[in-house]
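First up is the structure itself, then whatever we jot down about it.
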């Protein structure tokens, strides 16, 4: 190997590491607390493992697997679900870039649900023992983890309330508004949604039948609230969508 070739290889490896580091990740502002200095980021980088990309339909982990790590979506999207003894599936949530998965495993050392990619996705793995050690010396990171875990619990409670009380149209409206708000946090256009999940997945998540979901999408399109083109949904009247939500939230 020539000196020039060696230098080129070294530069390539250095650039690759830079691109994969937390400090230069596109999700930096979403995942990390403010105030981490270079030394903190270097220690965090030593903890995070970037997993190979998951193809659509591939599992990140399965219900009942031993809890070993938390995971953060770097790109793409995933769904979490549980399976009953009769084989029925209940979708618990959809996960977008910057969002954490696997929190349920903290309760009994096993993941209570399965997680599957809705599209080709990349994931950052945070092995929990190493993450605990690092966060113990980084108060800002520890606070961020507590905040994220608390948000997951609050979101689950809000979803349970919605499932128990809200009418079908309101459930669909709340779902779309929540997705739009999450797009906004990612600096994406909150009026132009791409739904990676199927109508069947949405129906399952909302406790409805697929025909009802399709009918309500069509009704909101006829009312001028949405423009729907298969998996693309444009919110034309956010004020009318908010009115359908009736003051209820799910984030």
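Some observations on this one:
- Of the residues screened, residue 230 is not one that is within 17 Å of residue 94 (Cβ to Cβ), modelled with pLDDT under 95 and surrounded by fewer than 17 Cβ atoms within 10 Å (Cβ to Cβ).
- Among residues of the stretch 157-204, those that are assigned to a loop (DSSP other than H, G, I, E, B) and free of Cβ contacts under 8 Å to residues at least 24 places away in the same chain, counted: 5
- Scope the stretch 128-148; condition surrounded by 14 or more Cβ atoms within 10 Å (Cβ to Cβ) and under 18 Å from the mean Cα position of the chain (by Cα); matching residues: 144, 145, 148
- Filtering the stretch 181-191 for residues that are out of contact with any helix residue (DSSP H, G or I) (no Cβ under 6 Å at 6 or more places or on another chain), assigned by TED's automatic domain parsing to the domain that holds residue 228 and farther than 18 Å from residue 97 by Cβ leaves a non-empty set.
- Residues in the stretch 220-236 that are farther than 16 Å from residue 177 by Cα and in contact with a helix residue (DSSP H, G or I) (Cβ under 8 Å, 6 or more places away or on another chain): 223 alone.
- Restricted to the stretch 66-91, and to residues there that are surrounded by fewer than 17 Cβ atoms within 10 Å (Cβ to Cβ) and touching a residue at least 24 places away in the same chain (Cβ under 8 Å), the residue that is nearest to residue 127 (Cα to Cα) is 68.
- Of the criteria (1) modelled with pLDDT of 85 or more; (2) surrounded by fewer than 19 Cβ atoms within 10 Å (Cβ to Cβ); (3) part of a helix (DSSP H, G or I), which one residue 7 fails: (1)
- The set of residues in the stretch 179-192 being closer than 16 Å to residue 238 by Cα and surrounded by 15 or more Cβ atoms within 10 Å (Cβ to Cβ) consists of 179, 180, 182, 183, 188, 190, 191.
- So residue 227, is it in a strand (DSSP E or B) and either out of contact with any strand residue (DSSP E or B) (no Cβ under 9 Å at 6 or more places or on another chain) or free of Cβ contacts under 8 Å to residues at least 40 places away in the same chain (or both): yes
- Set side by side, the residues 206, 216, 241, 195 differ, and just one is outside the structural domain of residue 83 (by TED's automatic domain parsing) and either over 16 Å from residue 167 (Cβ atoms) or surrounded by fewer than 15 Cβ atoms within 10 Å (Cβ to Cβ) (or both), which is 195.
The values are calculated or read from the model by the stated rules, or taken from the named source; none is laboratory data. On a predicted model such as this, the values are computed, not experimentally measured, just so you know. Cβ: placed from backbone, ideal geometry, glycine included. Neighbour counts: every protein chain shown.
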